[in-house]
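Report on the following structure.
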Amino acid sequence: MTNEIIKPETNPKPGSQSLGTFGCLLAAAGATLLTFFLVGAATAASVWAFCKLLGLPDTIVEALLVIAAFPVLAATFWVAGRAWHVEQRLEQGLDVDQPVFALRHYLLKRS
């Protein structure tokens, strides 16, 4: 078996396979919500389990949950910006580019 990448002979025309701005918004919102709830649930479960393992009081659990919300929100905002950027590139008929792992890159970018 060969390790060859199969590419189409011609690229599709821009907009020929798209659903428009509403489709881009829907896809980006879905990725954003999925990230928020899955990363948030994993973070909350990890903080709760760690605190219960050490026998910490509930006030410390709540304080750590508030602190842990910041990385969850940062990941969510990054995924929202990246998803919108990717959907816009696909709408224009372009290929997906390499991600930039900086929080402000996609949020301050003007299409």
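The values are calculated or read from the model by the stated rules, or taken from the named source; none is laboratory data. Treat the numbers as computed from the prediction; the structure is a model and nothing was measured. Methodologically, a virtual Cβ is constructed for each residue, glycine included, from the backbone with ideal geometry; neighbour enumeration extends over all protein chains shown.
What are the residues in region 39-63 that are surrounded by 14 or more Cβ atoms within 10 Å (Cβ to Cβ) and either closer than 25 Å to Ala80 by Cβ or at pLDDT below 95 (or both), if any? Of everything in region 39-63, those that are surrounded by 14 or more Cβ atoms within 10 Å (Cβ to Cβ) and either closer than 25 Å to Ala80 by Cβ or at pLDDT below 95 (or both) turn out to be Val39, Gly40, Thr43, Ala44, Val47.
Go through region 90-102 and report how many residues are surrounded by 14 or more Cβ atoms within 10 Å (Cβ to Cβ) and without any contact (Cβ under 8 Å) to a residue 60 or more places away in the chain. Give the steps one after another, and end with the answer.
Step one: list which residues in region 90-102 are surrounded by 14 or more Cβ atoms within 10 Å (Cβ to Cβ), which gives 90-91, 93, 100.
Right, trim to without any contact (Cβ under 8 Å) to a residue 60 or more places away in the chain and you get 100.
Residues that pass the stated criteria total 1.
Within region 60-111, the residues that satisfy the criterion of being within 30 Å of Val47 (Cα to Cα), part of a helix (DSSP H, G or I) and aromatic (Phe, Trp, Tyr) are Phe70, Phe77, Trp78, Tyr106.
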